[in-house]
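Report on the structure given below.
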Amino acid sequence: TEIYTLSLHDALPIWRTCHSPVMRLNKKLTVQFGVRWEPFLPGREGANRMNHFDGPAFATKTESSVFVNAPVGMQYPGDKGVPSTFTANSYWKLEPRVGVSWDPTGTGRQVIRAGFGLFYDTSAVGYWEDQTEDSPWGSSIALNSPSGGFTNPYNGYAGGNPFPTKNPPPKDVLFASDSSYLTYPTNTHAMYTNTWNLSYETQPFKDWVFSVSYLGNETTHIWTSDDINPGVYIPGQCNGAPCSTSGNTGQRRVLYLENPVAGAAYSDVFQLNDGAKGSYNALLLKGEHRLSNHYTILGNYTYSHCMSTADFIGDMGGAQSQTVYSQMGERGNCAFDIRQGVNLSAVMESPRLKNRLADGLVGSWKLAPIVVIHSGTWFTPYAGTDNSLTGVGNDRPNIVGNPYVRNLKTLQWLDPSAYVANPLGTFGDASRDSLLGPKSVNMDAVLSREFNIREGREFELRFEAFNLANHANFSNPDNTFVDSTFGVIQGDAGPRILQFAAKLQF
């Protein structure tokens with residue numbers, strides 16, 4: 001058998017196609033394989049509010065022909081070699097996949113399955129939206145020590161207050177100095193995941209099915225972002241004062257040190273970095289009682305571990321790492337890594353009764369509880385000060401002891417004495433997503449009954465409970481080292497909520 005599908009994907013003006021032959025080699029063995037064509041088409045902004053910082057262009061003092069006063073090195077659609085999309089299209093993206101199913105006994109009561117697939121991610125257009133606020137359409141200006149303070153921040157600023165900006169901006173629009181930018185390389189790679197699995201499923205008893213599975217994947221080209229124009233720490237004294245202070249960050253930035261005249265136009269330059277990687281491995285145990293005798297039960301247990309050098313957060317926003325110089329130094333647990341999890345759900349229905357009154361009161365009611373128990377999520381400790389003097393603001397402290405207290409009576413989860421501030425000009429050695437928060441135990445339940453009024457009309461009553469046991473599921477603690485509440489839990493997922501609903505269907 002051969003299966004062909006042709007579908008319009010994400011309303012893009014190009015067709016994707018998938019070819020998936022299925023071969024039943026014998027009574028016990030079935031193989032399916034295929035390949036999907038998934039071109040990477042990042043789209044464009046309708047008013048061409050897109051920019052691309054180019055390091056070599058900055059070094060050669062290349063200027064834009066689209067906006068003649070743009071900072072050196074900043075390029076726009078219309079400049080030579082710059083695509084009209086957020087980043088260059090890549091058409092030849094192929095996604096192979098293969099699956100094998102083997103019934104070792106031929107009785108249909110056991111099956112071994114294995115599969116592999118490669119899948120490209122399709123980026124949301126909203127991911128690119130932040131740069132539409134950059135100069136010359138908007139502007140974010142970093143003035144570390146304005147001479148006029150907050151009451152007159154542009155006192156002494158070249159050109160005065162740059163706001164409001166002109167829209168649409170003319171070709172000779174003036175660009176503010178010390179502006180920050182969000183920019184994307186013209187050759188950004190699409191994220192993709194290689195995923196594989198192996199499972200054994202058996203039905204040893206009537207209506208009961210059990211399985212054990214291994215699940216794994218590896219994600220490449222995870223999108224994150226770095227500040228590629230941080231302040232460079234210069235040790236020692238300069239003219240009788242420290243060479244590096246928070247007040248002279250602009251004069252110590254990478255681009256300013258390379259070219260003080262051209263570099264003065266830039267403060268933070270947040271650039272997409274597609275070099276992050278992640279991996280996930282899991283053991284999944286599952287048991288299921290299929291619906292019979294008025295009840296069904298489904299339960300599973302997962303033991304897993306996810307590691308990555310960055311987490312994809314769906315929007316660039318700003319710098320995610322504490323340093324642009326070593327992304328592999330950011331390798332740690334994924335923020336969404338839940339090491340162990342138990343999920344139990346059931347649907348139980350009371351039988352219909354012959355007595356009409358008794359059946360109306362207690363017959364055909366459905367009780368559906370859901371129990372979810374899982375270990376905590378991971379989070380990162382932050383210093384809360386810019387001791388690295390880079391201007392990035394993602395410093396982490398140094399760890400000197402066991403960080404955990406885990407006292408849920410006092411809500412003190414971490415021991416502040418286990419950390420010390422990172423020395424000036426250095427980055428802390430506390431790892432990204434190195435701290436584990438409290439576990440969660442939750443039970444939701446619904447009691448419902450459907451009443452047939454007549455053909456095509458039905459009335460339903462529902463009594464629902466969220467966090468039925470009113471169990472306190474605490475959130476992660478304050479993770480900023482300089483806070484007086486560092487390590488203290490300050491919130492939870494919420495109390496028990498009860499609600500009643502009635503619905504008429506017609």
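Things worth noting here:
- Pairs meeting the criteria (first residue in the stretch 492-506 and under 11 Å from Leu461 (Cα atoms), second residue in a strand (DSSP E or B) and basic (Lys, Arg), beta carbons under 8 Å, at least 6 apart or on different chains) are Phe500/Arg462; Ala501/Arg462; Ala502/Arg462; Lys503/Arg462; Leu504/Arg457.
- Flag for Thr186 being among the β-branched types (Val, Ile, Thr), in contact with a Ser or Thr (Cβ under 9 Å, 6 or more places away or on another chain) and open to solvent by 20 Å² or more (accessible area, probe 1.4 Å): yes
- The stretch 108-123 - residue that is among the polar types (S, T, N, Q) and under 28 Å from the mean Cα position of the chain (by Cα) and, of those, surrounded by the fewest Cβ atoms within 10 Å (Cβ to Cβ): Thr122
- Tyr325 passes every criterion in (1) of a type outside the set (Asp, Glu); (2) in contact (Cβ under 8 Å) with a residue 12 or more places away in the chain; (3) in a loop (DSSP other than H, G, I, E, B) apart from (2).
- Where Val261 falls short, out of the listed (1) part of a strand (DSSP E or B); (2) modelled with pLDDT under 95: (1)
- Residue match in the stretch 474-489 (condition: open to solvent by 70 Å² or more (accessible area, probe 1.4 Å) and part of a strand (DSSP E or B)): no
- Filter result for Ala88 (in contact (Cβ under 8 Å) with a residue 24 or more places away in the chain and within 31 Å of the chain's Cα centre (by Cα)): yes
- Phe33 of a type in the set (A, V, I, L, M, F, W, C), open to solvent by 60 Å² or more (accessible area, probe 1.4 Å), out of contact with any Phe, Trp or Tyr (no Cβ under 6 Å at 6 or more places or on another chain) and at pLDDT 85 or above: yes
Table: residues versus (1) crowded, with 17+ Cβ neighbours inside 10 Å; (2) within 16 Å of Leu182 (Cβ to Cβ); (3) not polar (S, T, N, Q).
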residue: Asp274; (1), (2), (3): yes, yes, yes
residue: Leu291; (1), (2), (3): no, no, yes
residue: Thr296; (1), (2), (3): yes, no, no
residue: Cys306; (1), (2), (3): yes, no, yes
residue: Gln320; (1), (2), (3): yes, yes, no
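- Any hit, the stretch 201-216, residues being modelled with pLDDT of 95 or more and within 21 Å of the chain's Cα centre (by Cα): yes
- Considering the stretch 228-258, and only residues there that are among the polar types (S, T, N, Q) and not in a loop (DSSP other than H, G, I, E, B), the residue that is most open to solvent (accessible area, probe 1.4 Å) turns out to be Gln237.
- The lone criterion from (1) within 30 Å of the chain's Cα centre (by Cα); (2) part of a loop (DSSP other than H, G, I, E, B) left unmet by Val371 is number (2).
- Enumeration of residues in the stretch 427-473 that are touching a residue at least 40 places away in the same chain (Cβ under 8 Å), of a type outside the set (A, V, I, L, M) and in a loop (DSSP other than H, G, I, E, B): Phe427, Gly428, Ser431, Arg432, Asp433, Ser434, Gly437, Pro438, Lys439, Gly456
- Some residue of the stretch 132-139 being open to solvent by 40 Å² or more (accessible area, probe 1.4 Å), among the acidic types (Asp, Glu) and assigned to a loop (DSSP other than H, G, I, E, B): no
- Top-ranked residue of the stretch 331-347 - restricted to ones that are over 18 Å from Ser321 (Cβ atoms) and of a type in the set (A, V, I, L, M, F, W, C), ranked as least open to solvent (accessible area, probe 1.4 Å): Ala346
- Scanning the stretch 449-473 for residues that are open to solvent by 70 Å² or more (accessible area, probe 1.4 Å) and polar (S, T, N, Q), we see that the one that is farthest from Leu414 (Cα to Cα) is Asn452.
The values are calculated or read from the model by the stated rules, or taken from the named source; none is laboratory data. Note that the structure is predicted; figures quoted are calculated from it, not measured. Virtual Cβ from ideal backbone geometry, glycine too; neighbours counted across all protein chains shown. Keep in mind that these areas ignore ligands, DNA and RNA; they rest on the heavy atoms of the full protein, side chains included. Shrake-Rupley method; radii C 1.70, N 1.55, O 1.52, S 1.80 Å.
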